[in-house]
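Below: one structure, written as C-alpha coordinates.
The values are calculated or read from the model by the stated rules, or taken from the named source; none is laboratory data. It should be emphasised that the depicted structure is a prediction, and the values quoted were computed from it without experimental measurement. Reconstructed Cβ throughout: ideal geometry from the backbone, glycine too, with neighbour counts over all protein chains shown. Heads up: the accessible areas ignore ligands, DNA and RNA and are worked out on the full protein's heavy atoms, side chains in. Shrake-Rupley method; radii C 1.70, N 1.55, O 1.52, S 1.80 Å.
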Amino acid sequence: QVQLVESGGGLVQPGGSLKVSCAASGSSIRPYHMNWYRQTPGKQREWVATITSAGSTNYADPVKGRFTISRDNARNTVYLQMNSLKPEDTAVYYCNTRILGVNYWGQGTQVTVSS
(Lines give C-alpha, C1' and ligand atoms only; values in the text may rest on other atoms or scores of the structure.)
Protein backbone atom coordinates (compact mmCIF):
# COMPACT_ATOMS: atom_id res chain seq x y z
CA GLN A 1 0.00 0.00 0.00
CA VAL A 2 1.19 3.51 -0.75
CA GLN A 3 0.05 6.93 0.40
CA LEU A 4 0.41 9.89 -1.97
CA VAL A 5 0.43 13.54 -0.89
CA GLU A 6 0.48 16.35 -3.44
CA SER A 7 1.72 19.85 -2.69
CA GLY A 8 2.87 23.01 -4.41
CA GLY A 9 -0.34 24.20 -6.02
CA GLY A 10 -1.40 27.81 -5.98
CA LEU A 11 -2.39 30.86 -7.98
CA VAL A 12 -0.22 31.82 -10.96
CA GLN A 13 -0.63 34.31 -13.78
CA PRO A 14 -1.04 33.17 -17.38
CA GLY A 15 2.37 32.45 -18.87
CA GLY A 16 3.82 31.67 -15.47
CA SER A 17 5.32 28.50 -14.04
CA LEU A 18 4.58 26.23 -11.12
CA LYS A 19 6.03 22.96 -9.86
CA VAL A 20 3.85 20.52 -7.97
CA SER A 21 5.14 17.56 -6.00
CA CYS A 22 3.83 14.17 -4.99
CA ALA A 23 5.44 12.59 -1.94
CA ALA A 24 4.89 8.87 -1.47
CA SER A 25 5.06 6.87 1.73
CA GLY A 26 4.38 3.30 2.76
CA SER A 27 6.13 1.84 -0.27
CA SER A 28 8.95 2.70 -2.59
CA ILE A 29 7.77 4.11 -5.90
CA ARG A 30 10.89 2.85 -7.67
CA PRO A 31 9.23 -0.15 -9.39
CA TYR A 32 6.11 1.70 -10.49
CA HIS A 33 4.91 3.98 -13.24
CA MET A 34 3.70 7.26 -11.81
CA ASN A 35 1.02 9.52 -13.29
CA TRP A 36 -0.43 12.99 -12.99
CA TYR A 37 -4.11 13.64 -13.67
CA ARG A 38 -6.21 16.77 -13.37
CA GLN A 39 -9.86 17.52 -12.87
CA THR A 40 -12.11 20.55 -13.13
CA PRO A 41 -15.64 20.76 -11.68
CA GLY A 42 -18.20 18.91 -13.76
CA LYS A 43 -15.59 17.15 -15.90
CA GLN A 44 -14.00 13.73 -15.83
CA ARG A 45 -10.52 13.36 -14.44
CA GLU A 46 -8.05 13.84 -17.29
CA TRP A 47 -4.70 12.13 -17.71
CA VAL A 48 -1.81 14.61 -17.93
CA ALA A 49 1.50 12.75 -17.87
CA THR A 50 3.24 9.47 -17.04
CA ILE A 51 6.76 8.58 -16.05
CA THR A 52 7.67 4.92 -16.18
CA SER A 53 9.82 3.06 -13.71
CA ALA A 54 12.64 3.34 -16.27
CA GLY A 55 12.19 7.11 -16.56
CA SER A 56 10.44 7.31 -19.92
CA THR A 57 7.80 10.01 -20.14
CA ASN A 58 4.58 10.57 -22.02
CA TYR A 59 2.26 13.59 -22.12
CA ALA A 60 -1.27 14.48 -23.07
CA ASP A 61 -1.40 16.68 -26.18
CA PRO A 62 -2.69 19.81 -24.37
CA VAL A 63 0.41 19.93 -22.13
CA LYS A 64 3.08 18.55 -24.45
CA GLY A 65 6.04 20.90 -24.68
CA ARG A 66 4.95 22.88 -21.60
CA PHE A 67 4.87 20.33 -18.77
CA THR A 68 7.66 18.05 -17.56
CA ILE A 69 7.18 15.06 -15.29
CA SER A 70 10.15 13.78 -13.29
CA ARG A 71 10.88 11.49 -10.40
CA ASP A 72 13.38 11.25 -7.56
CA ASN A 73 13.28 7.67 -6.33
CA ALA A 74 15.66 8.45 -3.47
CA ARG A 75 13.18 11.02 -2.16
CA ASN A 76 10.19 8.84 -3.16
CA THR A 77 8.75 11.87 -4.92
CA VAL A 78 7.33 12.70 -8.32
CA TYR A 79 7.19 16.20 -9.76
CA LEU A 80 5.28 18.06 -12.44
CA GLN A 81 6.94 21.22 -13.73
CA MET A 82 4.38 23.36 -15.50
CA ASN A 83 5.51 26.23 -17.75
CA SER A 84 3.65 28.64 -20.01
CA LEU A 85 0.53 28.06 -17.97
CA LYS A 86 -2.85 28.88 -19.47
CA PRO A 87 -6.21 29.55 -17.79
CA GLU A 88 -7.43 26.21 -19.14
CA ASP A 89 -4.76 24.48 -17.03
CA THR A 90 -6.74 25.47 -13.94
CA ALA A 91 -7.67 22.25 -12.13
CA VAL A 92 -7.03 20.05 -9.15
CA TYR A 93 -3.94 18.02 -9.93
CA TYR A 94 -3.75 14.44 -8.66
CA CYS A 95 -0.88 12.02 -8.37
CA ASN A 96 -1.61 8.38 -9.18
CA THR A 97 -0.04 4.98 -9.34
CA ARG A 98 -1.35 1.48 -9.88
CA ILE A 99 0.03 -1.41 -7.83
CA LEU A 100 -1.16 -4.99 -8.33
CA GLY A 101 -4.32 -3.74 -10.02
CA VAL A 102 -5.19 -1.20 -7.35
CA ASN A 103 -5.25 2.53 -8.12
CA TYR A 104 -3.84 4.87 -5.50
CA TRP A 105 -4.61 8.59 -5.50
CA GLY A 106 -3.53 11.58 -3.52
CA GLN A 107 -5.90 14.23 -2.22
CA GLY A 108 -4.98 16.65 -5.00
CA THR A 109 -3.54 20.14 -5.13
CA GLN A 110 -5.36 23.13 -6.66
CA VAL A 111 -3.68 25.01 -9.48
CA THR A 112 -5.36 28.22 -10.58
CA VAL A 113 -4.13 30.18 -13.59
CA SER A 114 -5.63 33.64 -13.60
CA SER A 115 -4.66 37.27 -13.90
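For segment 92-114, backbone nitrogen atoms closer than 13 Å to the point 7 Å from Ser56 Cα along Cα-to-C-beta are found at no residue.
Segment 6-48 and segment 85-115 have Cα centres separated by 4 Å. In the context of the full set of protein chains, residues of segment 29-70 present 57 Å² of accessible surface per residue (probe radius 1.4 Å, heavy atoms only). Measuring nothing but protein heavy atoms, the accessible surface of segment 5-115 at 1.4 Å probe radius is 49 percent carbon and sulfur.
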